[in-house]
Amino acid sequence: MAGDQASTVRRRWRAVVAATLSAGSLGLPAPVDAAGPVPAVLAAAIPSAPCQRGGVTAVDNVIASGLRSSMTGKRLGRSVSGQSISCARAIVSNVRARGLGGRAAVIAVTTAIAESTLHNYTVAVDHDSLGLFQQRPSMRWGRPDQLVDPGYATQAFLTAMIRKYPDNGWLAGDIGQICQRVQNSAFPGAYAPEAQDAQLIVAAVWPHTGTRDGAPAAPAPKKPSGPFQQVLSADGTGLVTTDERFDVSTADWNGDRRPDLVVVQRSGAASGKTELRIMDGASKFQPLLLHTGTVLDPTDDRHAFAMTDWNGDAKLDLVVVQRSGTASGRTELRILDGASSFQRFLLETPTVLGPTDDRHEFSMADWNGDARPDLVVVQKSGTASGQTEVQVIDGAANFQRQLAQNATAQGPTDERHQVALADWNRDRRLDLVVVQAPGTVRIFDGASGFRRTLLKAGFPQGPTDNHHDVSVTDWNADGKLDLVVVQKAGTASGRMEARVLGG
């Protein structure tokens, strides 16, 4: 679309919205995630891309012709076309690929009818909304090129639906309300009037025959199975949204065998110190178990944090690694005593490592079984081997001696990857867990020097970015490691949210 044409469409959009508002029918707050539905009078003027590689088929046209007289919705209704059906087919095929049933397809198609009249729009006319679902890059739905891919857009919608309705909660309830909760639109009444048309379309394109309440008589969706497919918990925490000054991890602070949420605030705290909060895992991270300023002055992104019981007193201590800018010129380590509410140092020492940077991730684990926590360093890129490498520094030697250094089977990683070490296969050897946006997990066997893959799986979290922190822990005490994905900002609830994916 030429720039002048795009500007003309945007001006017409604003005029339509302004006229509607002046008529008094849309006294609503500004949108949060989804933009307003594209006005029908502008639908044909906005450039769109085909939803199918082969474009519109003769069968699409036949289906549209057969449905036209029965369509009653405000948005699409009797203007349904072969193009509409081809886009609905793209949505339905992605719902089926996800292993979900007909109701999920009806919810998704209802939303796409309301948002775009089943057009895959390639030019944003309201804010930065694009594609079938009018999803916004600025609201972290994805990149512009991803949002005009019907497959990606549909999967992103389904991921949000599953996250907001765990345990198949979307199988019941008003379809319009479900669409609104997923989209978080300023036009909540736009969806329900399109549900009947969506049911007709889905029933026509779903491969199964027969309908029930206007939806295809497809088998009930199977309960998700396999590692990280089932959402064990999805809740807002007791904290409002945070930012890059906050480091989030999990650890069992109070000894109840439920991992708690550990939040370190590097700077900007009321105390003028580096502060620490611990949220109770047994109560869905709602109540505070601890909130304290530490002995540390404000820290910055050169610092990494971990929790471990360094001195064997059954209280977790705070490990602070300073990568660079140290007096010694080396990577330095401090351990703050948990029994003193982190007001006393147990250890302050340079390590055997030279200066490090944000390519290095740090954690604590007993690598060699000597009951002393060791420092585990994962270097994501810039290694001699060209691979992601794991190095272990001996805690029993006050971090002056290297225990191991391994080039892994994982290629170089970057800011899209989060890494952790944990014993996945319970062989008493730490394995490497690599979580990559937009939602894949690979686990490499520690017993093989991280050369053998133990697991490669996707997970229904959707895109992860620098607003997410991921940790690995046995959340439900079933002997299997789970993923805890914490979204620090951009949540629908306005609070920091935590989702636990069962291993």
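Brief remarks follow.
- V378 sits with roughly 0 Å² accessible to a 1.4 Å probe, with DNA, RNA and ligands left out of the calculation.
- Under the simplified labelling scheme, the S385-S341 pair shows an inter-label distance of 4.5 nm, with each label point 7 Å from Cα along Cα→Cβ.
- Positive minus negative residues near Y191 (Lys, Arg vs Asp, Glu; Cβ under 12 Å): -1
- Extending 7 Å from Cα along the Cβ direction at D174 and again at D301 yields two label points whose distance is 4.4 nm.
- Working ranking of peptides 388-398, 364-374 by packing, defined as the average number of other Cβ atoms within 10 Å per residue, highest first, is 388-398, 364-374.
- In angstrom, the C-alpha Rg and Dmax of the stretch 396-455 are 12.6, 39.
- Shape category assigned to the stretch 294-432 from the gyration tensor of Cα positions, a/c cut at 1.5: oblate
- Three-way shape call for the stretch 317-396 based on the alpha-carbon gyration tensor, with the a/c threshold at 1.5: oblate
- Using a probe radius of 1.4 angstrom, the carbon and sulfur fraction of the accessible surface of the stretch 267-311 is 46%.
- Accessible heavy-atom area order of V472, V352, V231, highest first, probe of 1.4 Å: V352, V472, V231
- For the set D474, D174, the ranking by accessible area, highest first and with no ligand, DNA or RNA atoms included, is D174, D474 under a 1.4 Å probe.
- Each 5 Å bin, from zero up to the one with the longest distance, holds this percent of the alpha carbon pairs of the stretch 63-181: 2, 12, 22, 24, 21, 14, 5, 1.
- Binned Cα-Cα distance frequencies in the stretch 279-365 - 10 Å width, integer %: 17, 44, 31, 8, 0
- Estimated dipole of the stretch 238-395 in Debye, rounded to 20 [Cβ of Lys and Arg +1, of Asp and Glu -1, Cα centre]: 220
- Of R359, R277, the residue with the largest accessible area leads and the full order is R359, R277 (1.4 Å probe).
- Within the accessible area of the stretch 348-503 (1.4 Å probe), percent carbon and sulfur: 43
- Solvent-accessible surface of the stretch 280-398, averaged per residue with a 1.4 angstrom probe and all protein chains in place: 40 square angstrom.
The values are calculated or read from the model by the stated rules, or taken from the named source; none is laboratory data. Please read these numbers as outputs of a predicted model, since none were measured by experiment. Positions of Cβ are generated from backbone atoms using ideal geometry, with glycine treated the same way; all protein chains shown enter the neighbour counts. Only protein heavy atoms, including side chains, enter the accessible area calculation; ligands, DNA and RNA are left aside. Shrake-Rupley method; radii C 1.70, N 1.55, O 1.52, S 1.80 Å.
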